[in-house]
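**Q** Okay, here's the structure, questions in a sec.
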Amino acid sequence: MRVLTALVFASAAFAQQTIQIISDEGQVLVGKTMQFRAIVRDAQGNPIPGGAVTWATNNGTIATIDNNGVLTGRFLGSVRVQARSGSLFAETVIQTIPSKVEISPSSANLEVGQQTRFTATAYDGNGGVIPGVTFAWSVLNHRLGTSQVVRTDALGNVNAVSEGGAMVLGTYTYGDVQPGQQRQWIVTAPINVL
């Protein structure tokens, strides 16, 4: 269970009141929901009954939250969930994640001079494709830098340059990462050049 406490000095009457955001997880699958709760406490730490809370996120493209604190993941990213009660304010960061990421083709055998294209697809919690996810492409040559076996461009097009083996990597990187959250999703495919 994740708990975030924010202390806000709004006025003398509220000088020691706090608001806590509580969630069971720090991540949610795109296409799925998670429940948030907020507790408003007095200066002694006792819950204040009936403390009305309003919810918001800082990016509705990544996730939305309703008046009951139910958050829905919409796209890959990190989003700040905000709870307000009067002049009290608290926020926490939640990461939306795919259920899986696949690379296609899963492997390739090429001859020197041949080209193929790799694609990566992220899936939501319901098994559907998450549209618009951009992957960066790179190559790890088995020759450890002594020569290039294959080269790739930004679109995942791979050109076979010389005989040997290599690994193609498709990487999605989160822009706003908090401690304990995943920084990247990486998929790989081996290539043999003959």
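**Q** Can you pull the semi-axes for the range 76-180, root of five times each eigenvalue of the Cα gyration tensor, sorted largest first, whole Å?
**A** Those come to 39, 15, 9 Å.
**Q** Would you tally the net charge around residue 125, using a Cβ to Cβ cut-off of less than 11 Å, leaving residue 125 out, and scoring K and R as +1, D and E as -1?
**A** After counting each charged neighbour, the total is +1.
**Q** Between residue 151 and residue 138, what is 0.36 nm times their sequence separation minus the Cα-Cα distance? Round to one decimal in nm.
**A** Residue separation times 0.36 nm, minus the Cα-Cα distance, leaves 3.9 nm.
**Q** Now for a separate question. Which one, 138, 115, 189, projects farthest toward the positive side of the charge dipole computed for the chain from Cβ point charges (K/R +1, D/E -1)?
**A** Value: 138.
**Q** Once you have the Cα-Cα distance between residue 176 and residue 109, take 0.36 nm times their residue separation minus that, and quote the gain in nm to one decimal.
**A** This chain segment gains 20.4 nm when fully extended.
**Q** Right, next: Could you state the number of Å between the C-alpha centres of the range 28-78 and the range 123-194?
**A** So the two Cα centres are separated by 34 Å.
**Q** Considering the alpha-carbon set of the chain alone, what are its Rg and its Dmax in angstrom?
**A** 23.1, 77
**Q** A further question follows. Subtracting the Cα-Cα distance from 0.36 nm times the residue separation, let me have the gained length for residue 119 to residue 16 in nm, one decimal.
**A** 31.7 nm
**Q** Rounded to two decimal places and with Rh computed the Kirkwood way over Cα pairs, what is Rg over Rh for the range 60-110?
**A** In the range 60-110, Rg relative to Rh is 1.28.
Every number in this text was worked out from the coordinates using simple rules, so none of it is lab data. Everything numeric here is computed off the predicted structure, so don't read it as measured data. Ideal geometry is used to build each Cβ from the backbone, glycine not excepted, and the neighbour counts take in all protein chains shown.
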